Structure formats: structure tokens, C-alpha cells
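The values are calculated or read from the model by the stated rules, or taken from the named source; none is laboratory data. These numbers were taken from a predicted model, which means no experiment stands behind them. Please note: Cβ atoms are built from the backbone with ideal geometry, for glycine as well, and neighbour counts cover all protein chains shown. Heavy atoms of the whole protein, side chains included, go into the accessibility calculation; ligands, DNA and RNA do not. Shrake-Rupley method; radii C 1.70, N 1.55, O 1.52, S 1.80 Å.
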Amino acid sequence: GDFSFIKAHKADEAGNLTFRLSANNFNQPMASAGKITIAEVEEIVPLGAIPAEDVHVPCIYVDRVIMRTGHEKRIEKLTLQKEDAGAQLSDSPKDRIIRRAALEFTDGMFANLGIGIPMMAANYISGITVTLQSENGILGLGPFPRPGEQDPDLINAGKQTVTILPGSSLFSSDISFGMIRGGHVDLTMLGGLQVSANGDLANWMIPGKMVKGMGGAMDLVGSKGTTVVVTMEHTARGSHKILPECTLPLTGTRVVDKIITEKVRV
């Protein structure tokens, strides 16, 4: 394209850029995609203030630097750790799905979890090590932060505030999708609107309703070597969600390995 507009944490006087925590996202590859790249930064520092190994975008890609002033970082989806996280589950339909979904985790696996029930199931991982990955560039997700620990530069792909564990790593979204497309993620667990008899999945939009996009779901479910588990309630407003054929726009064809509802695991 003619222009790339990106955000960074700091720029030095030469135009080298560095990002903070998970704010790299797609900014890094986008910097090389435009003929002219304009970077908005929080601070401009002297040459040498950004160590060479911390430069995420070299100055050769950056044509303009604008320092923003008086800007307050906003958290779009403040998500905090609940006091009852990990509490004993009830026999409600939702809790039955969570309980069964938690059994899908195995020791040493890398997993990508969708928002809602999949993330809740992670609260019941016990006695094994599971490393959680997020499409926006995190490997080693921790629990949601406690009140006061949230950071606007540390969010997951669903824009929820998160924490990271010792041994975690942060990187750009293109590297993250390389992990996904290369089949390095062992398990993808996500919600669904409909699943067909042959494993087609529809989970990203309902026609006529506002949608921001399917996010990384198409890549996550289309990667060979990754087990795809869909968690969802058995029916929605009286209508079945496991069907001979999906009637909603598809996320992927023949991609679902397992379905977990409050009634069945297939």
C-alpha cells in the first residue's frame, strides 16, 4: 500500500521503533508493507537509548514519527481474575461443558483457547503443564490479572487483560500465525454457532448482526496437526446447533475433531 500507520512504544531520533509487551501485534510486519510508514509513539528518545537487540522495526522502514501527548491508554475489555476461579463446578449446563472440556488437556501441550468456556476450562488444569498461546503474540498466558495488576499493553487476541507466566515469550502476530499454520499448536478449543455432521464449523457471524471479523479462527481450525475441539450449548433458543449441514457462513470445512456440549461429547 501507499501508507502504513502503526503505533509503537518508543522511537529513537533515527526512527528505530520498539514495542511494549503484546502491543507489537501486526504493527511490525505492517511497517514494511507501505511505501511510506508513519509511526505514532509515546516517547522519542536519543540515539542509543533503545538497545540494538530491542529494536523491533529498523529505521529504514520508518518515514515519519509522531509523538502523541495527553493520550490516556484505554482498556477495551477489562477482565479481572474472579475470586471463585477454580471453584467447584455445579451441575449447570455451562459447568458440565467446562468440566468435560478440562479433560482435553494433556501434559506438555500447547493450546489456543477461545474466550468464554474454553478459557474457563483452563482454570481446572491440574497436575499437568499446558502452555497457552494467543494469536496476537503471546506464548505462556497466565490467569486474568487481579484488580490493579492490569496493563493496557498486555491483552489477548480477544482484547481481554491478561498476565504472563515465567518462561513466556512475546512476539509479533505474523510469528504467532506461523506457529498456528505450521501445526505447532496441539489443541484449539473454541466456541461454535453450528457444527455439521461432517465437521464443518460456523462460529464467526450471524447475517444481519454487526461483526468485527473472524479473527484467527480460520487459521486455527485449518491447521493440520492441530486437534480442534468445539465447546457449545446443545441448542440455542430451541434450535439445534449440531446439524446435517450448517446454515450460517462457514469458518472451515471438515475441521472439527470433537464437540462438547452439556449433553454429549462426540
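Residues that are open to solvent by 60 Å² or more (accessible area, probe 1.4 Å) and in contact with a Leu (Cβ under 9 Å, 6 or more places away or on another chain) do not occur anywhere in the stretch 69-80. Inclusion of L78 among residues that are touching a helix residue (DSSP H, G or I) at 6+ places or on another chain (Cβ under 9 Å) and closer than 30 Å to V229 by Cβ is not warranted.
All of (1) of a type outside the set (F, W, Y); (2) more than 20 Å from D174 (Cα to Cα); (3) open to solvent by 60 Å² or more (accessible area, probe 1.4 Å); (4) out of contact with any Lys or Arg (no Cβ under 8 Å at 6 or more places or on another chain) hold for P51 with one exception: (3).
Filter the stretch 1-28 down to residues that are within 13 Å of D54 (Cα to Cα) and of a type in the set (K, R) and give me whichever is least open to solvent (accessible area, probe 1.4 Å). Per the stated criteria, the residue is K10.
Reported count of residues in the stretch 81-103, each being more than 21 Å from Q160 (Cβ to Cβ), of a type in the set (A, V, I, L, M, F, W, C) and open to solvent by 40 Å² or more (accessible area, probe 1.4 Å), is 1. For the stretch 36-45, check the following and say yes or no: at least one residue is among the small types (G, A, S) and under 29 Å from L165 (Cβ atoms). No, the conditions are met nowhere in the stretch 36-45. The residue that is least open to solvent (accessible area, probe 1.4 Å), counting only those in the stretch 112-126 that are among the small types (G, A, S) and over 14 Å from the mean Cα position of the chain (by Cα), is A121. Scanning the stretch 29-48 for residues that are open to solvent by 60 Å² or more (accessible area, probe 1.4 Å), touching an Asp or Glu at 6+ places or on another chain (Cβ under 9 Å) and not charged (D, E, K, R) yields I44, P46, L47, G48. Taken together, T129, T106 contain a single residue that is open to solvent by 70 Å² or more (accessible area, probe 1.4 Å) and closer than 24 Å to V221 by Cβ, which is T106. Within the stretch 55-68, the set of residues being open to solvent by 70 Å² or more (accessible area, probe 1.4 Å) and assigned to a helix (DSSP H, G or I) comprises I60, Y61. Exactly one condition in (1) within 13 Å of the chain's Cα centre (by Cα); (2) buried (at least 19 other Cβ atoms within 10 Å of the Cβ) is false for A202; which is it? Result: A202 passes all but (1). Note on the stretch 76-135: residues that are in a loop (DSSP other than H, G, I, E, B) and of a type in the set (G, A, S) total 10. Applying the criterion of being open to solvent by 20 Å² or more (accessible area, probe 1.4 Å) and part of a helix (DSSP H, G or I) to the residues of the stretch 139-190, the residue that is farthest from G108 (Cα to Cα) is D174. The number of residues in the stretch 191-211 that are touching a Gly at 6+ places or on another chain (Cβ under 8 Å), under 16 Å from G116 (Cβ atoms) and either part of a loop (DSSP other than H, G, I, E, B) or of a type in the set (V, I, T) (or both) comes to 2. The requirement of being assigned to a loop (DSSP other than H, G, I, E, B), more than 23 Å from the chain's Cα centre (by Cα) and at pLDDT 95 or above is satisfied by G15.
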